[in-house]
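Okay, structure first, notes after.
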Amino acid sequence: MLDRDFVIEDATIILPSGIAERSSLKIEDGTISKIREGDINSGGMRIKAKGRYILPGFIDLHCDAIEKEIEPRPNSYFPVNIALFELDKKTCIMRCNDNIPCALLCRGGDRRPFQ
């Protein structure tokens with residue numbers, strides 16, 4: 001079984017109370033257990049968000065990713081089922097330890113996975 005405890009650090013976290021910049025989020029046993037500004041002292045795996053956004057529980061209702069998969073270039077179309085299959089493979093990169101979904105939105109068009 002994979003260790004499900006980790007910390008995402010140096011993130012911009014969107015909360016109901018506002019925006020917490022340069023903050024950390026701790027996951028214990030697959031559940032968010034702590035969010036605080038600054039570092040969280042904890043052993044285990046650490047993910048450096050490098051200022052990227054974390055939106056716990058947020059679903060992006062608008063995203064151009066699907067349109068870009070269906071029509072990657074003007075007048076160049078892929079069948080919807082193939083486009084969705086390829087998009088699903090790409091979004092798996094943006095999942096954290098043990099398939100715990102995390103929404104990390106990259107700044108400046110940087111779509112590389114976090115390290």
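Pairs meeting the criteria (first residue in region 51-74 and modelled with pLDDT of 85 or more, second residue acidic (Asp, Glu), beta carbons under 8 Å, at least 6 apart or on different chains) are GLY51/ASP10; GLY51/GLU21. For region 1-51, residues that are surrounded by 12 or more Cβ atoms within 10 Å (Cβ to Cβ) and not in a strand (DSSP E or B) total 10. Of all residue pairs spaced 6 or more apart or on separate chains, those with beta-carbon atoms under 6 Å, a first member in region 13-30 that is modelled with pLDDT of 90 or more and a second member that is loosely packed, with under 12 Cβ neighbours inside 10 Å and assigned to a strand (DSSP E or B) are ALA20/GLU37; SER23/GLU37.
The values are calculated or read from the model by the stated rules, or taken from the named source; none is laboratory data. Here the structure is a predicted model, which means the values were calculated and not measured. Glycine gets a Cβ as well: all are built from the backbone with ideal geometry, and neighbour counts include every protein chain shown.
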